[in-house]
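So the structure is just underneath, and the comments pick up after that.
The values are calculated or read from the model by the stated rules, or taken from the named source; none is laboratory data. Computed from a predicted structure; not experimentally measured. FYI the Cβ positions are ideal-geometry reconstructions off the backbone, even for glycines, and counts take in every protein chain you see. What goes into the accessible areas is simple: the full protein's heavy atoms, side chains included, and nothing from ligands, DNA or RNA. Shrake-Rupley method; radii C 1.70, N 1.55, O 1.52, S 1.80 Å.
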Amino acid sequence: MMSPISLLLILLFHAGFGEIPGSPGPLTEVSAIEGGRALLPCDVTPPTPGDFPILVLFYGGATGLPIYSIDARSGPQGRSKHWSELGGRAHFDLMSSPSGLVIDEVAATDHGHYRCRVDFGSSPTRNLRVKLLVVVPPRRVSILSGAGLEVSGVIGPYPVGGSLTLTCQVTGGSPRPWVTWWHEGSLLDDVAEEVKGQVIRNILILPNLSRQHLYRVLTCQASNSNLSLPLAATVTLDMSFPPLEVKILGGKAPLSEGKRYSLVCEAGGSKPSADLTWYIDGNLMTDTKNQVLAEGNVSRSTLHLTPTRMNNGAVVSCRADNSLLQAAAVEDSRRLEVYYSPRLHLRAGQNLNMSNIKEGDDVYFECDIQANPPVYRVEWFLNGIELHQNVTAGVIQSNQSLVLQKVGRRSSGLYTCRGLNVHGSATSNALQLNVKFSPVCSAGQKWVYGGGRQQPVNVTCQVEAHPEATTFRWAFNTSSEFAELPEDRVHSGRGRSLVVYTPQTHHDFGSLLCWGRNQVDTQHQPCVFHIVPAGVPEPVHNCSAWHNGSAAGEVVVACQAGWSGGLTQTFTLEVRHAPKGHSTPKGSTGSSKTHGSVGPGKLLASLKDQMEPHFTVTGLAPGTEYHLVVVASNAQGAAPSTVLVYLTPIDVAEKQTSAAAAEASESSPLASLAPIVGVVVGVVASLLVCSVVLVLVVRARTANTHSHSQTKIVYDKAAPGSKPDDGGFVQQQQQGPDIILVKSDSQSGGETQQLVAEYRGAHDGSFHITPAPTPLTTGVLVARETDALLQDPGITASATTTGILPSEGGGVATSCPRSSSSSFLPPRTATSYYPEGRDTPPSSSCIRRSPSEHVLQGHPDLCPQDPPGCTSARTLVVTCAHGGSHESSV
């Protein structure tokens, strides 16, 4: 403890009231970091040689009290006494230059002024002043965001164009720290905006951030001395960028409907990577695949699209969004062009009532077409048959319209239109047109009916009409009378009418006239049915038989039917052996014809009740002569038979000669000429065979042109001893033989009768019968059918010949019917019936061009109004005189 007197002296010294030996020296400033080491210089070197310091005193701090002393007054310095107020933290270093008091672990309280006093043995006292500056580094540096939150590391992201405010806050430090903002060695800000006690702040503001601020490192430093490194805090800026561009890749070629396409969209310049979305006309598409390329700021999206015609003209767009910058989306769009095949809708013209179209009306259709590209062709069809422009016929095509002028009944049917473009074609829905027309006679019905007195005849009148005819009117017309038939004989329904007509006398043979009536009108031209006295049919004619080379022993027989006698006729074929004593010329094969002049041979097989005179016979023995008998018959009886004498060709095996015959021929003097003769004969035979085959082919084609499906009867018991044959012409129309012979020539009569019984009865199931369809009647009235009406020698006979006459300078051959001893008409002049009130026959007859129609040349009254394509013809009426009276008939 210092005595009160010493303390008082010290105070007086500092106050200037006392004298201290020596004058104060210059002030020396010494800086030291807190916790570091400080050297307070004090020069103890004597000013004069030989002198030495005897006392060193350090006074310091705010109190001015001694803190360290060295007392050498009692002896050399080595034995001097050291005293320290600072304890072990202070020691005097005489070896340093300059020498001085060293203070370790400098504390903030060590800050202040110090004085060093050195007393020498003989020299004056030396006083040195030292100012110790203790530097206290800042304790903490932190960076605060604009919201006042402490941030570090990577901060953000911040949008482009925005502003950034960061505050660097420094706590503690003496002297006051210098707070600055730096970027890569560049000073950004060194002005402290705010000081509160031990807290110093520097606010950094970065306006209008750009893409260059991405990953910029900002450092806040706090430094108050160069004795230590600055205290710093660092942040790294993260930015968010909107997409710079977005583009749909690829060309703009048209797409095809139904095909699958991939559209690719790329967007770049966005951070983070852009989100790509697809839209079609504002509708979000989900069938996409997204990916981010290696660059990181390029996004790619693929849209899988199967376009339809509904997508034509649609706008497909690709939109690039940054999830952090919703207002900065960009997009690219493209208008789709989709090619598709035409789509058509067929409709009737405006104000056209399709349910009430009558013959003679005008009809037009509109084909609405949607197609891309537009159609280059529009086609129209009626019942699948293409219609062509024909202004004369009233068929007019204009753009996508079809006009039918003055439609007829043939205009009815299913109409369609078809459009074609480069992508394909399409057919519209069909539109049915039903033209209402008054009844007309149906083609293909039976026109001539044969019958006897007191025998009822069922006559059917069938007409075509739309709607169907509901009522019918019948009349009887002969050259002597015209009378309506009572309604109780008429049975009508569904477009047809049946009348039961019974000729009572010979005056009752003539013509039945039939008119139909529907909602449109009454039939203008009646259907004329001829009732003639029934007779036996005519024999068949133009018969031929030929060998079918596709099957051994098979012969095809084909004839043309004669007049049926006014009734339905059937045909019978009998296969017989040639009678004894009758033979064909030696060495010939084939057939010859005769009409029942040869006696019958043994019956081998027969086939009856066939609707057509076409037969196939198989199982014939080679090298054998047969009689093929064809007979036509109806309810009145049978016609004279037509016999074909046929010699089957010799089988190849039978033509081979024996070895003995060969040796005999070799021994003959003419043997040497045999090869030459054989060659010549072979050439001639080949020419003959070729000619015969050619003729047979022509005949076969002609016969098969008129043939229909035949009734097939097959008996499956093989004929013993029969030999196969080959070679010849193959008839493709023949599906199987009509008759298969089952016995050889050596059959007995009993066996033949038994086979015939089996053939007719078919009780054992060995026969197969397929009925043939009823043949269509041609509807042509031939001269023989009119002969039955003109057989009275006492009256004038007349005939009407109808045909296609030449336009100029032509003529037609006519003949008058022969008279007969029987009379069906009275010997008087009669008036014939002509339609439409005429007293002469019509000037034309109708010839229909369609194969399904029949030429009604013999019935001018049956001709409907001339349809398109009907060829005009003239009717010639020839009147023949006999016995002084005259009569005309049609």
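Summary table
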{"read-out": "Accessible area per residue, Å², the stretch 372-504 with all protein chains present, probe 1.4 Å", "value": "49"}
{"read-out": "Highest-first arrangement of 232-238, 308-314, where packing means the average Cβ count within 10 Å", "value": "232-238, 308-314"}
{"read-out": "The stretch 415-522, relative contact order in percent, only Cα pairs under 8 angstrom and at least six apart counted", "value": "30"}
{"read-out": "Extension reserve of the H524-M310 stretch, reckoned as 0.36 nm per residue once the Cα distance is removed", "value": "71.5 nm"}
{"read-out": "Full-stretch length increase - S398, L688 - with 0.36 nm per residue and alpha-carbon distance subtracted", "value": "98.2 nm"}
{"read-out": "Apportionment of accessible area to carbon and sulfur, the stretch 240-279, percent (1.4 Å)", "value": "53"}
{"read-out": "A253 versus N208: modelled label distance in nm, points set 7 Å from Cα along the beta carbon direction", "value": "4.8"}
{"read-out": "Cα gyration tensor shape of the stretch 402-503, rounded if a/c is under 1.5, else prolate or oblate by comparing a/b with b/c", "value": "prolate"}
{"read-out": "Rounded, prolate or oblate (a/c below 1.5 giving rounded, otherwise prolate when a/b exceeds b/c) for the stretch 113-201 by Cα gyration tensor", "value": "prolate"}
{"read-out": "Of all accessible heavy-atom area on the stretch 171-236, the percent that carbon and sulfur account for (1.4 Å)", "value": "53"}
{"read-out": "Accessible area of the stretch 139-277 divided out per residue, in Å², using a probe of 1.4 angstrom", "value": "52"}
{"read-out": "Rounded percent of accessible protein surface that carbon and sulfur make up, the stretch 393-436, 1.4 Å probe", "value": "47"}
{"read-out": "Mean Cα-pair separation over length for the stretch 164-319, i.e. relative contact order, pairs under 8 Å, 6 or more apart, %", "value": "17"}
